[in-house]
Amino acid sequence: MNALRRKAVFLDRDGVINRSLVKDGNPYPPSSVEEVKILPGVARAIKKLKDAGFMIICVTNQPDVARKKQSRQVVEAIHKFLLKLLRLDEIMVCYHDDNDKCQCRKPLPGMLLDAAKKFSIDLKESFIVGDRWRDVEAGRRAGCTTVLIDYKYAEKERSQPDLCVSSLSEAVAWILNHNK
């Protein structure tokens, strides 16, 4: 790795950092700070990655803002709460819906590319951990190694990850072993 370039682990928010609310087999974000439940082992997993020299950047689609089902203020309050509790370096968010045709909405890699430019990140030395095909595809398009936390949602997986796991802790153990 180039000494001037950093390595990062990109984490999706809902389903990776905090619990998604699953209805009819589909995941949904919490609707308030009070509904945010950090998943077991997340703080420890993030600490291990930080101790290994990784930047930790949350990259999250929040289309309910564009759909008028959620306010931007509530999303920002949730992010402030997560930044206070966890050792995240940054939270990058796309507030658009698919119809907006933006470059930041996963499965497009815009958030990862923006983070790479902003923080001088080597994407080929970096990882993304997500719970949906959109996360995997964004990571693949950016050149990252991809890890899927597979909750068996009722949606078709359209992109194959480099690894499937059942938790962030399992993903981190593999990343740290793979990073040697």
Checklist line | Cα point-scatterer Debye curve for segment 18-109, base-10 log of I(q)/I(0) at q = 0.12, 0.18, 0.22, 0.23 Å⁻¹ | finding: -0.42, -0.92, -1.25, -1.31
Margin query: Between Asp51, Asp114, Asp150, where does the largest GNM mean-square fluctuation fall for the chain, given springs only between Cα atoms within less than 10 Å?
Written below: Asp51
Item checked: Under 5 Å, built H, 5+ apart or other chain: amide partners of Cys94 -> Thr60, Asn61, Gln62
Notebook entry, point to check: Add -39500 (n - 2.57) for each DSSP H run of 4 or more in the chain, then divide by its residues: what number comes out at 222 nm, to the nearest 500 deg cm²/dmol?
Noted result: -9000 deg cm²/dmol
Notebook entry, point to check: Under a point spin-label approximation (7 Å from Cα along Cα-to-Cβ), what is the Gln103-Arg72 distance to one decimal in nm?
Noted result: 2.0 nm
Notebook entry, point to check: Are there cysteines in the chain with no second cysteine's Cβ under 4.7 Å away, and if so, which?
Noted result: Cys58, Cys102, Cys144, Cys164
Next item on the list: Report the calculated FRET efficiency for Lys80 and Tyr151 (r = Cβ-Cβ distance, R0 = 35 Å), to the nearest 0.05.
Entry: 0.85
Notebook entry, point to check: Once both labels are modelled 7 Å past Cα along the beta-carbon direction, what's the Arg158-Val33 spacing in nm?
Noted result: 3.5 nm
Check: Anyone know which of Ala115, Ala154, Ala142 comes out most mobile in the 10 Å Cα GNM of the chain?
Finding: Ala154
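Quick note: the coordinates plus some simple rules give every number you see, no bench work behind them. Remember, it's a predicted structure, so these values are computed and weren't measured experimentally. When we count neighbours, we look across all protein chains shown, and the Cβ atoms used for this are built from the backbone with ideal geometry, even at glycine.
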